[in-house]
Amino acid sequence: MQHRYFRPIVQTDPCRPEGALTLAGGWTWFSEVEELHRDGTRGHLPARALPEDARAALTAHRPSVAGLTMDRPRLMGILNVTPDSFSDGGQFATPEAALAHGRALVEGGADILDIGGESTRPGAAEVPVAEETARTAPVIAALRAGGLTAPISIDTRKAAVAQAALGAGANLVNDVAAFTFDPEIAGVAARAHAPVCLMHAQGDPKTMQDAPRYDNVLLDVYDFLAERVAAAEAAGIPRARIVVDPGIGFGKTVGHNLTLLRGLSLFHGLGCAVLLGASRKRFIGTLGDAPDPADRMPGSVAVALAGAAQGVQFLRVHDIRETRQALRLAEALWGMRDA
Ligand code: HH2
C-alpha cells in the first residue's frame, strides 16, 4: 500500500464541535483530515478515523522551545547583520545599528530574535566563517551585555558560527540547510542542548531559483524534513527541540510557495513545532504587485496570519509591530483573548 499523508483541515472558529481534536496542543482544532498520496489521489476522513500514530503526532502538546510556550503563535524578529540581505541589507551592519534594531524588535513585540550574518537570498555568495562569526557573535554578546533576556536564534549553516553564537548567548540554531551544508552543526547544537530549526531548501542560494522542480512539492518537502528530523535525532537532538520549516522561497516558484502555504498544516504531522518565513519574499512582490521589498509589509502580514490560522508556532518576520498588531486582532477574533 502506498504511503498515506494526513493534512488536518484546520479551524479557528470558537464554536468547536464535540469530538474535534486540538492541533499540537495549540489554539486551532480539526475534525476532518485530507489524505494525500504520491499518485495524486486524495480523499477525506473524519479525524476520529486517523491511525493512532498520525493522531498522536498531530495532537501532541508541543513542549516549550527556547523557553517559549507553544500555545500561541510566536514572532521571530529578523535581524540581518549583513551588507547584502534582500530587504534590509546594510541597514544594521554596524554593531550599534544592530543593537538598536534588536532592542526595537523586542520592544515591538518580538518573542525571539533571529540574527544572521550571511544572506541566503537567491544568487548570494557564501561568506567565510571568520567573517560571518565576526558579524554575529559580538552583536549577540552586546545584546546580552545590555540586558536583553529574550531568546536569540543564530541563522547559520556553519558549525563554527553556531558555536560562537551559542557561546555569546544565543539559544537556538536556525539552519536553512537542515545540517546538509555542514553536518558538524548537529553536534554543536546537541552538545549545547540547543533547539534547532531545520529548513527545506532545494539547491544552494547561488542557483536555487534556476528552474526548481519537484515530483510533488508538498510531499517532497515533507519527506525531506522527516528524513532531516530523523538525522537530527540520531545526532542527539530530541524531537521536542526540533522546529521544522518548509523554506518558502528557497528553490521554489510562486506556484510551489502557494502549494506549501495552502498545505502547511501537513507539517504538523512531523510532531514538531513549525516555523514559517515568508516575510517580504519575492512571491509576495509578484502576487501583491510590490517590486520593492520595502513595500511588501501588508502581503507579509496576510501570509503570517494565514500561517497562524494553520497552527504555525513561529512566524519569522521583518515587520514586528505590524504583525504583532494583526496577530492580536486575529487572536481576539479566534477567542484566544478577552476583550
Ligand atoms: N528565510 C531567510 C533566511 N533565513 N530561516 C528560516 N528558518 N526560514 C526562512 O524562511 C528563512 C530563514 C531569508 O530571508 P532574509 O533573512 O530576510 O534575507 P537574507 O537571506 O537575504 O538575509
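Consider the range 193-225. How many of its residues are of a type in the set (G, A, S) and surrounded by fewer than 16 Cβ atoms within 10 Å (Cβ to Cβ)? Working first, answer last.
At the first step, the residues of the range 193-225 found to be of a type in the set (G, A, S) are 194, 201, 203, 211.
Now narrow it down to the ones that are surrounded by fewer than 16 Cβ atoms within 10 Å (Cβ to Cβ): 203, 211.
Number of matching residues: 2.
Within the range 307-326, how many residues are under 17 Å from A24 (Cβ atoms) and part of a helix (DSSP H, G or I)?
Residues that pass the stated criteria total 3.
Does the range 111-138 hold any residues that are among the β-branched types (V, I, T), within 22 Å of the chain's Cα centre (by Cα) and either under 19 Å from D182 (Cα atoms) or part of a helix (DSSP H, G or I) (or both), and which are they? Spell out the reasoning first.
In the first step, residues of the range 111-138 are kept if they are among the β-branched types (V, I, T); the result is 112, 115, 120, 127, 129, 133, 136.
Adding the requirement that they be within 22 Å of the chain's Cα centre (by Cα) leaves 112, 115, 120, 136.
The answer is I115, T120, T136.
Would a scan of the range 291-310 turn up a residue that is away from the ligand (no atom under 16 Å from the Cβ), of a type outside the set (A, V, I, L, M, F, W, C), open to solvent by less than 10 Å² (accessible area, probe 1.4 Å) and within 23 Å of P14 (Cβ to Cβ)?
Scanning the range 291-310 turns up no residue that is away from the ligand (no atom under 16 Å from the Cβ), of a type outside the set (A, V, I, L, M, F, W, C), open to solvent by less than 10 Å² (accessible area, probe 1.4 Å) and within 23 Å of P14 (Cβ to Cβ).
Determine whether the range 247-262 contains at least one residue that is farther than 23 Å from E35 by Cα, charged (D, E, K, R), away from the ligand (no atom under 13 Å from the Cβ) and in contact with a helix residue (DSSP H, G or I) (Cβ under 9 Å, 6 or more places away or on another chain).
No, every residue in the range 247-262 fails to be farther than 23 Å from E35 by Cα, charged (D, E, K, R), away from the ligand (no atom under 13 Å from the Cβ) and in contact with a helix residue (DSSP H, G or I) (Cβ under 9 Å, 6 or more places away or on another chain).
Taking the criterion of being more than 14 Å from the chain's Cα centre (by Cα), touching a residue at least 40 places away in the same chain (Cβ under 8 Å) and over 15 Å from P122 (Cβ atoms), would at least one residue in the range 274-293 satisfy it?
No, every residue in the range 274-293 fails to be more than 14 Å from the chain's Cα centre (by Cα), touching a residue at least 40 places away in the same chain (Cβ under 8 Å) and over 15 Å from P122 (Cβ atoms).
Could you please give the count of residues in the range 60-81 that are surrounded by fewer than 24 Cβ atoms within 10 Å (Cβ to Cβ), of a type in the set (S, T, N, Q) and more than 16 Å from A308 (Cα to Cα)?
Final tally of qualifying residues: 1.
One line per residue, one yes/no per condition, for (1) assigned to a loop (DSSP other than H, G, I, E, B); (2) at negative phi; (3) crowded, with 18+ Cβ neighbours inside 10 Å:
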site	(1), (2), (3)
H3	yes, yes, no
A24	no, no, yes
R48	no, yes, no
A56	no, yes, no
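Just checking, which of A190, A164 is touching a Ser or Thr at 6+ places or on another chain (Cβ under 6 Å), open to solvent by 10 Å² or more (accessible area, probe 1.4 Å) and outside any loop (DSSP other than H, G, I, E, B)? Walk me through how you get there before you give the answer.
Details: A190 fails: touching a Ser or Thr at 6+ places or on another chain (Cβ under 6 Å).
Answer to the selection: A164.
The values are calculated or read from the model by the stated rules, or taken from the named source; none is laboratory data. Treat the numbers as computed from the prediction; the structure is a model and nothing was measured. Heads up, the Cβs are rebuilt from the backbone with ideal geometry, glycines too, and the neighbour counts pull from every protein chain shown. SASA here: full protein model, heavy atoms, side chains in, ligands and nucleic acids out. Shrake-Rupley method; radii C 1.70, N 1.55, O 1.52, S 1.80 Å.
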